[in-house]
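Chemist: Submitted below is the structure of interest, expressed as structure tokens.
The values are calculated or read from the model by the stated rules, or taken from the named source; none is laboratory data. Since we're looking at a predicted model, the values are computed, not measured. Neighbour counts run over all protein chains shown; Cβ positions are idealised from the backbone, glycine included.
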Amino acid sequence: MTVWKEAMGGLVTSLAFLTRVPLPSFLFSDGVSTDRAVWAFPVVGALIGLALWVLLSLISGFGFHPLVVAVAVVAAGLLITGALHEDGLADVADGLGGGDLARRLEIMKDSRLGAFGVLALVLMVVLKVGVVYTLADPLKPGLALALLVGAAAWSRALITAIWATLPPAIPGGLASVRPHVQQAAIALAIALGLLLVLLLLLPGTGFLLGGAVLAAMVVGLFALFARWQFGGVTGDVCGAAQVLAELAFFAAALAHVS
């Protein structure tokens, strides 16, 4: 397989994995597996962030109230991804209510949503709406672009780090196919995520680096927590890590703006 076909195949695989965007079947002819495609996670994240920025700019341009804009953008993000990461956050939150490791993992696999999961989702949505509300300023399109794209790209790059460093918590599932021999793909994902953040460093947006650092620290601490509470990594742990990283990125960046 040529480098070009490998790259395009990896991008398509990552796009299909991380979003619910319908893609024609012929795009999957190269058959690139997920463990080889993880390098493209931050690229897909950047595309998601860019789509949300375009939507934010369009709705804001029509003069809608910032709260309406914020709710619409957050809802669009959930639709694009199928709430993939948020589902993981809810399952992890529910799992914390289990008494022992086996019970926690059993709860996480249960499709039913518990009280902790509901609370986690409500808090997450409120925080994201608050962030986008702050960004819904037609006079600051560069700030919104930098934050939405940077947070989406870097948080998905960090998924690959936690996926690669923790052992699988349960046999089978997403975590068990974590790349063992594709460390180059992990390194490339982190490098691309950081590069995308650096490319967004417009004048006055140096705070993005603070967001990237805090997000990485949060994911590192969450990895230790997941190892302790769940015995390793699962797909839900990866999803929760992405949400926490994105919120940490927003928090640090907006603190500098304020």
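Chemist: Identify, from the list Val243, Val233, the residue that is touching a Leu at 6+ places or on another chain (Cβ under 8 Å), in contact (Cβ under 8 Å) with a residue 12 or more places away in the chain and within 15 Å of Ala153 (Cα to Cα).
Modeler: On the way: Val233 fails: within 15 Å of Ala153 (Cα to Cα).
Checking each option against the conditions leaves just Val243.
Chemist: Given Met124, Met108, which one is within 20 Å of the chain's Cα centre (by Cα), within 21 Å of Leu254 (Cα to Cα) and part of a helix (DSSP H, G or I)? Quick ask: steps written out before the conclusion?
Modeler: On the way: Met108 fails: within 21 Å of Leu254 (Cα to Cα).
Step by step, each of Met124, Met108 is checked, and only Met124 is within 20 Å of the chain's Cα centre (by Cα), within 21 Å of Leu254 (Cα to Cα) and part of a helix (DSSP H, G or I).
Chemist: Of all residues in region 224-258, count the ones that are closer than 20 Å to Asp91 by Cα, of a type in the set (A, V, I, L, M) and surrounded by 20 or more Cβ atoms within 10 Å (Cβ to Cβ).
Modeler: Pass one, region 224-258, residues closer than 20 Å to Asp91 by Cα: 224-248.
Of the ones still in play, those that are also of a type in the set (A, V, I, L, M) are 224, 226, 233, 237, 240-241, 243-245, 247-248.
Keeping just the survivors that are surrounded by 20 or more Cβ atoms within 10 Å (Cβ to Cβ) gives 226, 233, 237, 240-241, 243-245, 247-248.
Within region 224-258, residues that are closer than 20 Å to Asp91 by Cα, of a type in the set (A, V, I, L, M) and surrounded by 20 or more Cβ atoms within 10 Å (Cβ to Cβ) number 10.
Chemist: Here's another thing I want to ask about it. If only one of Gly45, Gly77, Gly88 is closer than 26 Å to Phe230 by Cα, modelled with pLDDT of 90 or more and either of a type in the set (S, T, N, Q) or part of a helix (DSSP H, G or I) (or both), which one is it? Break it down stepwise before answering.
Modeler: On the way: Gly45 fails: closer than 26 Å to Phe230 by Cα; Gly77 fails: closer than 26 Å to Phe230 by Cα.
Being closer than 26 Å to Phe230 by Cα, modelled with pLDDT of 90 or more and either of a type in the set (S, T, N, Q) or part of a helix (DSSP H, G or I) (or both) holds for just one of Gly45, Gly77, Gly88, which is Gly88.
Chemist: A further question on this structure: Somewhere in region 30-42, is a residue surrounded by 20 or more Cβ atoms within 10 Å (Cβ to Cβ), not polar (S, T, N, Q) and not in a helix (DSSP H, G or I)?
Modeler: Checked region 30-42: at least one residue is surrounded by 20 or more Cβ atoms within 10 Å (Cβ to Cβ), not polar (S, T, N, Q) and not in a helix (DSSP H, G or I).
Chemist: How many residues does region 102-128 contain that are in contact with a helix residue (DSSP H, G or I) (Cβ under 7 Å, 6 or more places away or on another chain) and closer than 18 Å to Pro168 by Cα?
Modeler: 4
Chemist: Among the residues of region 87-117, how many are within 15 Å of Gly232 (Cα to Cα), hydrophobic (A, V, I, L, M, F, W, C) and surrounded by fewer than 13 Cβ atoms within 10 Å (Cβ to Cβ)?
Modeler: Residues that pass the stated criteria total 1.
Chemist: For His85, work out the one condition from (1) farther than 25 Å from Ala215 by Cβ; (2) within 17 Å of the chain's Cα centre (by Cα) it doesn't fulfil.
Modeler: Failed condition: (1).
Chemist: Just to be sure before I move on: is Val129 under 23 Å from Ala245 (Cβ atoms), free of Cβ contacts under 8 Å to residues at least 60 places away in the same chain and assigned to a helix (DSSP H, G or I) in the structure I sent? It would help to see each step written out before you state the result.
Modeler: On the way: under 23 Å from Ala245 (Cβ atoms): yes; free of Cβ contacts under 8 Å to residues at least 60 places away in the same chain: no; assigned to a helix (DSSP H, G or I): yes.
Criteria not met by Val129.
Chemist: Can you tell me how many residues in region 9-29 are assigned to a helix (DSSP H, G or I), among the aliphatic types (A, V, I, L, M) and modelled with pLDDT of 85 or more? First the steps, then the outcome.
Modeler: Step one: of region 9-29, the residues assigned to a helix (DSSP H, G or I) are 9-18, 25-28.
From the residues that got through so far, the ones that are among the aliphatic types (A, V, I, L, M) too are 11-12, 15-16, 18, 27.
Pick out the ones that are also modelled with pLDDT of 85 or more and you get 11-12, 15-16, 18.
Residues meeting the conditions: 5.
Chemist: I would also like to ask the following. Can Gly63 be described as in a loop (DSSP other than H, G, I, E, B), exposed (fewer than 13 other Cβ atoms within 10 Å of the Cβ) and at negative phi? Give the steps one after another, and end with the answer.
Modeler: Numbers: in a loop (DSSP other than H, G, I, E, B): yes; exposed (fewer than 13 other Cβ atoms within 10 Å of the Cβ): yes; at negative phi: no.
Answer is no for this residue.
Chemist: Could I ask something else about it? In the list Val122, Val132, Val71, which residue meets the criterion of being of a type in the set (A, V, I, L, M, F, W, C) and at pLDDT below 95?
Modeler: Values: Val122 fails: at pLDDT below 95; Val71 fails: at pLDDT below 95.
Sole residue among the options that is of a type in the set (A, V, I, L, M, F, W, C) and at pLDDT below 95: Val132.
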